[in-house]
Structure formats: C-alpha cells, structure tokens
Amino acid sequence: MDLGLGSRLAGLNPFGGGGVVAIDFGTQALKLLQVSAVEPLHLVAAACVQTPAELLADAPRRFEFQCGQLAQVVRAGGFKARRGVCAIPSSQMLCKHMQVQPAHGQSVQDATLRAAAEQLGCEPSMLGCRGVVVEGAVCPAGKQEVIALATAQSLVDRLMQALRQCRLEPVGLQSEFQALLSSFRPVNRRASDADITSLYIDIGAGGTKIVIGHGTKLAFAKGVAIGGRFFDQVVAQQIGCEHAQAHALWQGMPSLIRLDATAPAVAMITPTLSAPGAGVAVAVRPATDAASAAHRLAARAAGMAGRIDLTEPLRALTDEIALCVRYYEQLFPSRRIDRLIFVGGESRHTGLCQHIARQFKFPAHAGDPLARLARTGSEPCAGVDLAQPQPGWAVPLGLLMSPTDL
C-alpha cells in the first residue's frame, strides 16, 4: 500500500488547505499561514514579518522587501508544504463593477478583459484579469453584471517568480476580496446560507475592503484607500507628531466619537463549522494581560483627545460604505443586509467598529478568523501571538479555502 497516496490526493482538494502555504502581502506585514488538509482544521505554522516604518508609504519598495523575505521565512518558519498560493495586493488591483454585453462568439471573461483594459487605457495583453459574474443581479437586457478583478501581468509574473524562488510551486493567485469571503466559507456552507446577505468590512493599514456575499457567492466588492495609515496621517497633522505616535494615540482612545446607550453591541463572530440547522457559531474572547497596557495607552490618549478630531475621515469611510450598500441594493432590490462583520487589523479598535455599525444599524460582529483553528500551542508562530484575537488574518485563511486553479 502507498501510504503517501492519501496526502497526495488531499492536495488535489480545491478547498483542502493542506500542503499549501498562503501568502498575504499586506501593508503592515507579510503573513504566511499553513493549516491541515482535513477537518477539524489544525494550525501547522504561521509567520508574520512587520513592514519597516520607512517602507509603509512606498508600495514598490515594500513589495520587493516582502518578496525578499519570503525564502527565509518559508525555510525558518516550520512550513511543511511545497505549494504556494498568494493574494494579489488590492492596492495593485482594479476592482470594478461593470455591465458587459459579450459580442457574438465572445465569452464574458473576454468581454470583461477588454472592458478593464479600456478602463485602464492599456492593451488587454498587459493585464491578468478575472470577471466574477454577479448571479441574480438586475441588469439591462443582454448585459451581465460582473466584478472585474484586473492587475498588471508583470505583477502576476513577479508573484510567480517570488514563489518559485522560495521553492514553492505556484498553485493559486486570488484577489483579497475573494479570499476575504472564502475565509467565512465554513459558516456559509449550508444551502440555506445563500439566503443570508453578509457585509464584510476589512479595515487594514493601507485601506478598507468592502465585500458583500450571498453565502459563499460574491455579490459586491470594492476597495477604498481609507485605513489605519490614513487616520495616522490625519492625527499626525493635527498634533504635529510622527505617524507611529499618532497611531498609538488614536488606538488608545476608547472611542473616536461620543457614544450613547443606543450604540449596537459588537460581538465576536468566528468562522466555526456548525452542525446542519445550527446557527452561526459565536465566540467571545476573554480579557487578557494586554488590558492593563491598553488602559495605560488610553490614559495617555485621553490627554490628547481634545486635539484629535477624526470626524472627517470617519465620515469619508462611512460615506464610501453607504455608496456600496446603495449600489448593491440597486442590483438586488429585494434583498437587504442581514449582518455586518468586521475584520482587518484596525478592527481591533472597538470604537471604530461601533461608529460604523451605528451608522448602518445592521447586526454587527467582530471576526477573529484564526479562532476556529485547533492548535497544541507548540506550532511555530513567528511574529504572531495567537493568544490575542487576530482579525487581520482573514485573507491568508481564505486563500487556503480558495480553489488552487493555476
């Protein structure tokens, strides 16, 4: 009997996760993740490399720095895979809703590619592009609503090169928007979940991803350049300090606006498998030793609170989300948002999430994607503390639940 056959076949499972390293080129950090191939999912290894402060605002140099770190992290991080899947940075991607009408003999994908090339003013051959058909959307006769996800072919080639340089076989390139939705596949796996409309808001350092899903189906996606770094810049200009200090100050403010008793609660929701007929599993994280440090930071920020005003950037962010919701409601006039789920590193700030939730009045939850992973505590986790909630890991986990389709 070939005892290695099972592991090789497990690698053919498009949603198996095992035998694959997921790589997320984030603004704040490079993240790598590997989990087991079978349920219940077990953590194999995780690693996180923080971006040097001088590269945070320089996307090309940041990306090359992260590519240069890959081989060392894969070798030293305890990863046991020879295949890799990575996310195309959303800052380097066109994500745009389009209504296309394929010409005679033309596929929807070809029509989307040509429309994206026209939008960007380049030749179709210069792009890598996928068109996600939005099923059930209201469109004029003969047209189809698609989400064009396009990036430079040169970036695709560079990502493939980076994977091969660290001896990983490239098996998947996904958008961050699709990976974000896929990270919640376990709680959207039942047929009835297709009737649930979820609004996912991923607030990261470099920007915010806004995704709406019907169960596991992508119905809307957009990226906006408003994230933690934008808030840092506003605070730094207001009080005349460095970005790092500005970030610590607004993070230490218990709330960014005046809260009232009607503010909706923000619970912790994790993508945990549920038995058929059961509801979405909800987990609440206990308080940790970090609470005392947070209190000290809050006390420090309190003295600066009168000089910090985030009204305008918060309004800009909620206006963008409102535009997305209105566009979605035009596509699906008979549906409404059932729940709002926050992920992303900046969603650790409860006051920020509460401010957004209060504007829309949807049932709101804060997600911790890695909470459902079983672990012994001995797994290699370089640069990441899994004793703390990790809302910024939705994309790496989602990559492992996406098709390996290269």
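Each value in this text was obtained by applying a stated rule to the coordinates, not by laboratory testing. In this text, all values refer to a predicted model and were calculated from it rather than measured experimentally. Reconstructed Cβ throughout: ideal geometry from the backbone, glycine too, with neighbour counts over all protein chains shown.
Using θ = phi - 60° and the Karplus form 6.51 cos²θ - 1.76 cosθ + 1.60, what ³J(HN,Hα) does each residue of segment 324-330 get, whole Hz, x for Gly and Pro?
Whole-Hz 3J(HN,Hα) from phi for segment 324-330: 5, 5, 5, 4, 4, 5, 6.
Return the distance in nm (one decimal) between the two label points of a simple spin-label model at residue 107 and residue 326, each offset 7 Å from Cα along Cα→Cβ.
3.6
Quick one: if the Förster radius is 35 Å, what FRET efficiency do residue 319 and residue 39 give, using the C-beta to C-beta distance and rounding to 0.05?
The value I calculate is 0.30.
Could you work out how far apart the two model spin labels at residue 72 and residue 169 are, taking each label as a point 7 Å from the Cα in the direction of the beta carbon, and quote it in nm?
2.8
Residue 217's amide H: which non-local residues (gap 5+, or another chain) put their own amide H closer than 5 Å, with H modeled 1.01 Å from N in plane and none for Pro or chain starts?
none
Could you work out how far apart the two model spin labels at residue 118 and residue 239 are, taking each label as a point 7 Å from the Cα in the direction of the beta carbon, and quote it in nm?
With each label point 7 Å from Cα toward Cβ, the separation is 5.0 nm.
In sequence order, what are the phi-derived ³J(HN,Hα) couplings for segment 333-346 according to the Karplus relation 6.51 cos²θ - 1.76 cosθ + 1.60 with θ = phi - 60°, rounded to whole Hz, with x for glycine and proline?
x, 8, 10, 9, 5, 8, 7, 10, 10, 9, 9, x, x, 6
Using the 10 angstrom Cβ neighbour count as an exposure proxy, how do 222, 143, 361 rank, fewest first?
361, 143, 222
Seen from all sides and averaged, what is the projected area of the convex hull of the Cα atoms in segment 120-218, in nm²?
9.2
When 25, 332 are ordered from fewest to most other Cβ atoms inside 10 Å of their Cβ, what list results?
Result, fewest neighbours first: 332, 25.
Please compute the length gained on full extension between residue 55 and residue 379, using 0.36 nm multiplied by the number of residues separating them and subtracting their Cα-Cα distance.
Details: separation 324, 0.36 × 324 = 116.64 nm, distance 2.97 nm.
So the extension gain works out to 113.7 nm.
What ranking do 138, 35, 171, 108 get, fewest neighbouring Cβ atoms within 10 angstrom at the top?
Least to most surrounded, the residues fall as 138, 108, 171, 35.
Pop out the ³J(HN,Hα) list for segment 363-376 in order, Karplus 6.51 cos²θ - 1.76 cosθ + 1.60 with θ = phi - 60°, rounded to Hz; leave Gly and Pro as x.
Calculated HN-Hα couplings, in order: x, 10, 9, 9, x, 10, x, 7, 5, 7, 6, 6, 7, 8 Hz.
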